Amino acid sequence: MTTTEAPISSALAPAPTGPSAADAAARLNALTSDKAWGAKYMNGDPTARRELDDLCAAVAKGDAVKDALDGKEAASEPFAVQTIVDGELPPGLMRAAVADLQLKGLTDQAIAEVMSGKTFTVAEVRAAEQWRDRAMRDPLFRSAYLKGDPNLGRQMLVANAIIAGGIAP
């Protein structure tokens with residue numbers, strides 16, 4: 001590997017099934033405005049109840065990374081304070097982070113890996129560390145990188161993301 005090639009992981013977890021959280025929220029908004037559907041639900045229609053349960057589960061589970069990569073807005077962000085779990089970013093910050101990584105030239109696959117907390121093998125992390133150390137010792141690389149070369153910045157970002165992701169247990 002040369003100092004102009006950053007290690008990039010190509011593995012990606014399988015895509016989630018079912019509607020995205022934003023799609024589910026949009027469908028919920030439509031259904032709750034539909035008087036005929038509301039009457040079916042209130043009369044105990046099992047299909048309507050199952051649909052509501054499935055949509056609520058999809059919204060609760062969500063996939064903020066996928067929604068941000070797809071450019072989807074959160075269906076509703078009415079509160080200044082949002083509840084998040086496991087250190088996730090609120091939807092607005094997730095969209096901003098994804099947009100920034102896209103501007104820096106990362107692929108959607110790489111962004112999904114970074115934003116979902118992918119961990120890496122010992123070999124991948126060590127390769128990224130060695131690449132970064134060699135690159136920063138190279139005066140030509142270092143000079144161009146510190147002057148803001150976008151290609152070198154992207155490569156350093158990928159290496160740092162692999163290192164920060166850590167080693168899989």
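The values are calculated or read from the model by the stated rules, or taken from the named source; none is laboratory data. Quick caveat: nothing in here was measured; it's all calculated off a predicted structure. In this analysis, Cβ positions are derived from the backbone assuming ideal geometry, glycine residues included, and neighbour counts consider all displayed protein chains.
Structure summary
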| quantity | calculated |
| --- | --- |
| Members of the range 102-157 found to be among the β-branched types (V, I, T) and buried (at least 20 other Cβ atoms within 10 Å of the Cβ), listed by number | I111, V114, V125 |
| Helices (runs of 4 or more DSSP H) wholly inside the range 89-140 that include at least 2 residues being within 14 Å of the chain's Cα centre (by Cα) and of a type in the set (A, V, I, L, M, F, W, C) | 91-103, 108-115 |
| Some residue of the range 156-169 being farther than 21 Å from G105 by Cα and more than 25 Å from the chain's Cα centre (by Cα) | no |
| Counted residues, the range 18-31 - those being of a type in the set (S, T, N, Q) and modelled with pLDDT under 75 | 1 |
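Residue-by-condition table, conditions (1) in contact (Cβ under 8 Å) with a residue 12 or more places away in the chain; (2) polar (S, T, N, Q); (3) in contact with a Gly (Cβ under 6 Å, 6 or more places away or on another chain):
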{"position": "P91", "(1), (2), (3)": "yes, no, no"}
{"position": "A97", "(1), (2), (3)": "yes, no, no"}
{"position": "V122", "(1), (2), (3)": "yes, no, no"}
{"position": "L146", "(1), (2), (3)": "no, no, no"}
{"position": "R154", "(1), (2), (3)": "yes, no, yes"}
{"position": "A159", "(1), (2), (3)": "yes, no, no"}
